[in-house]
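A quick write-up on the structure given underneath.
All of the numbers you see were taken from the coordinates with simple rules; none came from a lab. Here the structure is a predicted model, which is why all the values come from computation and not from measurement. With ideal geometry, Cβ positions are generated from the backbone for all residues, glycine too; neighbour counts draw on all protein chains shown.
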Amino acid sequence: MNPANAENLFEKGLKFFSGSGDEAGSAASALSSDEISQAFKQALTMGAKKVVAQLGQEGGFNADPDVHIPLPEQFSVVQTTLEKVGMSYLVDDLELKLNRAAEKAVPEARALFLDAIAEMTFADAKQIYKGPEDSATRYFRDKMADPLADKMRPVIRDKLSEAGAVQAYDKLMSKYQSMPFVPDVQANLTDYATEKGIEGIFHYMAEEESAIRQDPAKQTTDLLKRVFGSR
């Protein structure tokens with residue numbers, strides 16, 4: 001498919017849903033509203049699976065500057081203090097373990113994405129087409145954010161423990177608190193990593209939505225090509 005000669009998925013879909021343009025009438029006779037909606041769901045499903053696979057692999061968070069999870073802001077004083085005594089490696093080790101835990105928890109999002117897409121009605125799809133550029137991502141956030149946190153949190157907690165992050169945190173804070181005149185620092189690492197993990201998921205889901213809206217090359221299934229292919 002030549003992108004230069006193809007109408008992007010959302011432009012064509014909007015015509016279908018709004019019934020505007022000469023193409024809409026001919027399209028309606030060849031395609032059902034269910035086919036149009038299913039094609040849209042296929043595009044979102046492929047995008048969601050890609051995001052989960054990307055972030056759920058080793059380095060998915062840790063090696064990606066766009067979603068890498070730094071230690072909580074209040075740890076900056078800990079890092080500065082330990083750097084002065086040559087122990088910044090303790091901070092680096094804890095940060096790595098936070099990212100690894102998020103990577104292990106990301107696959108929990110897959111089923112929730114698929115459920116949210118399956119539950120999407122024709123009216124939902126129509127509203128997403130007509131809404132802002134990140135309408136699908138907002139839809140997923142509304143449907144998924146709370147249950148996703150509930151599913152990711154215990155995985156992150158367990159992985160932090162398995163990876164030695166709890167021990168790393170205790171060791172880090174023990175060294176830090178042994179320094180004279182340092183301020184108290186507290187952080188819930190599980191909740192923090194869960195929140196940052198979810199932010200990373202929706203960061204890339206928004207990018208996938210943008211690509212689906214703009215790039216006809218995303219049309220990789222027979223149904224997508226039929227519904228949203230070039231004229």
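Within the shell of other residues whose beta carbon sits under 11 angstrom from the beta carbon of Phe61, the net charge comes to -3, with Lys and Arg scored +1 and Asp and Glu -1.
At an R0 of 25 angstrom, the distance between the Cβ atoms of Leu96 and Asp150 translates into a FRET efficiency of 0.50. At R0 = 41 Å, how high is the FRET efficiency between Glu35 and Ala63 if r is their beta carbon distance? Nearest 0.05 is fine. That gives a FRET efficiency of 0.55.
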